[in-house]
Every structure is written in structure tokens, then in C-alpha cells.
Amino acid sequence: MSKFAANLFKCWHPVAYSYEVPADEPHGTKLLDEALVIWRTADGTPHAMRDLCIHRGTALSLGWLKDDCIVCPYHAWQYDTAGTCIKIPQKADIRIPPKAKVDTYHCQERFGLIWVALEEPIYPLPAVPELESDQWRVVNTGPFDWQSDASRQTENFTDFGHFPWVHPGLLGDPDRPIVPDYSVEVEGNILHYSVVRPEAPNTDDFPVFANEEVLKPERRSRYELHLPYTIVLRLGWGGEAGMVYFYVGQPIEEKKCRGYCIIGRNYDLDQPDSVLQDFEDTIFGQDQRVVESQRPEQVPFDLADELHLKFDAVAINYRRTMQALELDYYHYLDVVD
């Protein structure tokens, strides 16, 4: 038995990069403790359904695709995009029992990701026009599989105070640890906040930022935190050069998540993708060992459970708003396998 907020089932969640779901074979994954199979019809449209054949409980993700249907690997029962079984090879007549059906889910493809909502979605995907513009170079990094809840991975992405200590020389400077004042505005399920803060100069290994100053560069960061687990971060350094980070978390299980980080920028367009990919592997790796040590593995949404200071304004508002929107673990739905 697992416990998840009922409203989490009504949100869009990423389940794979687009390239992880090829045209010719199904892809198995998991979302909110539900096993899913993602597959494409001949026109490239992705579809999502429960990864479970109604006949003998076999994983459909082990099967194959045929005539815009997915075929079970055990007895070759064939299911269409509505989840209806349209062929049972072992039956001589054409009558198929009405129960021969598999649950299907809302599915779409955008920003190079496959998204699934297990119930009718209550929030739209954010607008990130930079990732759909020919003027920006877009790089996929990760994915990043952590042994923690998606809330911990997401909240870590919003935490300013750890940069000088967890990422010294890359995202922060231990000699400049002060978090500048900032404010958080809440609009529905979106937190808006901006901060100007010092960052470390580019390194020879990772020349990824458009810093204007060599000695004490400053980064201007504008955040949109779309609850429950999506962040749009736009970076600037005072000029025309800009970068956008699009982070989204996949809540696999209560103590297991997968993060996707897509980066767009309008400068250094000829730089190999591997530079940003190696940089994020380093950053997420430094974060992972710390976040996986946190207890409990889920963010404790009751503010009394942890100590909060003024510079934790994002975490405070994240926890309050998750509770208000009933996306936290205190508003759970029992899911029985």
C-alpha cells in the first residue's frame, strides 16, 4: 500500500525523454507507484496505459507493436490505443469479453519529454518558448535517478544557501555565502521569485555561463516553481545572453524519483552538448549524496517539523502551497495494488 496525495494523480508528470520511447518498441516505467507502458502509434503519437495484461498480469512493456496496437508477450493478446483488446489468438470466434481491457491515461509529448496524467489534469504545462525556438540551443541532461521523494529533489533545486558549500567553485563561493533578500509571490500553483546573487567564475572544465565579470560575477535568476515538481529558471547576466533551465521531477515511488533537466541558451551555440551534460552530472551528483541522506525522504510539509530562516522563503512557501492545494502527503489517497 502506498500513500500519495490524491491531487498528484491529476497533475502532468514526465515519464521519459522522447528519445527513450522509440517508434518500434514499448517502454516501461513507473509513476506514483503505478507501472506504465509508453508506446507510439505509426504516426509517432505516444500513448500510456497500465503495464499489465488483464489475462495473466504480464508486463505489456515486454511485448511488441503491431498495427497500431501493443501485443502482450505471453499470449499475444492485442490492445488498441483505447486499451481495448481487439484480438485473442486462442479464441476461434470473434467475440471478446468486455473485461478484456487495460486502463489508459492522459499522455502528451512536449519539450522533448513524454508526459502522463493518471487522471484528468488540473494544471497545464508551463510555457517555455525558448525550448521551442530555433534561436536557442537545447540540451537534455540526465536523467537523474535518486533514492528520495520527488519533493526533496525539487526543493533542493530551489535552495540558494547550499551553493557555496555543496558546489564551491561551480555555483557558489564560500567567501560570499550570504543569500540576498528576495520575496515569493504565489499565483495558483506557481511560485514566482527572483534573486541576484554572486556565483563563481566559469572554470576551464565547465565554461557554461555568460558571466560578464571575471572577479565577482553576478547571476540574475528568475524562477517559476510550478507545483508539484516543475521549475522554470531563467538566468541572465545583464546583457543579451540568456539561459533557461527546465527541471521536472518524476515521482516514481515514495522514496524514488527521476529528475529531467533541459537547458536552453542563446549563446555559445557551437559548444558541444557534452559540456553542459558533464556539468550537470557533476552538480546533480554533488547534490545527490546530500539529499539522499535527508530524513524523512519526503519533504515534511508541516512547517513545525524543520527549522526555517528568512532565506528559506521558497521552501516555506512551497510547503504551505503544497498543503493548500492538497498535493502534500497529509492529503493522501490509499492506492492498493
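Restricting attention to segment 180-199, does a residue exist that is of a type in the set (D, E, K, R), part of a loop (DSSP other than H, G, I, E, B), touching an Asp or Glu at 6+ places or on another chain (Cβ under 9 Å) and more than 27 Å from P296 (Cα to Cα)? Yes, that holds for at least one residue. Which one is surrounded by the most Cβ atoms within 10 Å (Cβ to Cβ) among residues in segment 235-263 that are of a type in the set (D, E, K, R) and modelled with pLDDT of 90 or more? My answer is R258. Among strands (runs of 3 or more DSSP E) entirely within segment 225-337, having at least 2 residues that are over 20 Å from the mean Cα position of the chain (by Cα) and at negative phi singles out 332-335.
Taking the conditions (1) among the hydrophobic types (A, V, I, L, M, F, W, C); (2) buried (at least 18 other Cβ atoms within 10 Å of the Cβ); (3) at pLDDT below 90 in turn, F206 satisfies each one other than (2). For segment 22-59, residues that are surrounded by 22 or more Cβ atoms within 10 Å (Cβ to Cβ) and among the hydrophobic types (A, V, I, L, M, F, W, C) total 9. Counting residues in segment 157-178 that are touching a His at 6+ places or on another chain (Cβ under 9 Å) and under 17 Å from H308 (Cβ atoms) gives zero.
I316 meets the conditions (1) without any contact (Cβ under 8 Å) to a residue 12 or more places away in the chain; (2) more than 28 Å from W115 (Cβ to Cβ); (3) in contact with a strand residue (DSSP E or B) (Cβ under 9 Å, 6 or more places away or on another chain) in every case but one. The failed one is (1). If the condition is being loosely packed, with under 15 Cβ neighbours inside 10 Å, in contact with a strand residue (DSSP E or B) (Cβ under 6 Å, 6 or more places away or on another chain) and of a type outside the set (A, V, I, L, M, F, W, C), then segment 266-287 contributes only D273. Residue count for segment 168-199 under the criterion of being touching a Ser or Thr at 6+ places or on another chain (Cβ under 9 Å), closer than 24 Å to G259 by Cα, surrounded by fewer than 17 Cβ atoms within 10 Å (Cβ to Cβ) and modelled with pLDDT under 90: the result is 1. Scanning segment 1-38 for residues being at pLDDT below 95 and assigned to a loop (DSSP other than H, G, I, E, B) gives a total of 1.
Let's see how each residue does on (1) hydrophobic (A, V, I, L, M, F, W, C); (2) modelled with pLDDT of 95 or more; (3) over 23 Å from D33 (Cα atoms); (4) surrounded by 15 or more Cβ atoms within 10 Å (Cβ to Cβ):
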| position | (1), (2), (3), (4) |
| --- | --- |
| H75 | no, yes, yes, no |
| Q78 | no, yes, yes, yes |
| H106 | no, yes, no, no |
| E109 | no, yes, no, yes |
| I114 | yes, yes, no, yes |
| A117 | yes, yes, no, yes |
| E132 | no, yes, yes, no |
| G142 | no, yes, no, yes |
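With respect to the conditions (1) modelled with pLDDT under 95; (2) in contact with a His (Cβ under 8 Å, 6 or more places away or on another chain), S61 lacks only one, and its number is (1).
The values are calculated or read from the model by the stated rules, or taken from the named source; none is laboratory data. The structure displayed is predicted, hence computed values, not measured ones. Methodologically, a virtual Cβ is constructed for each residue, glycine included, from the backbone with ideal geometry; neighbour enumeration extends over all protein chains shown.
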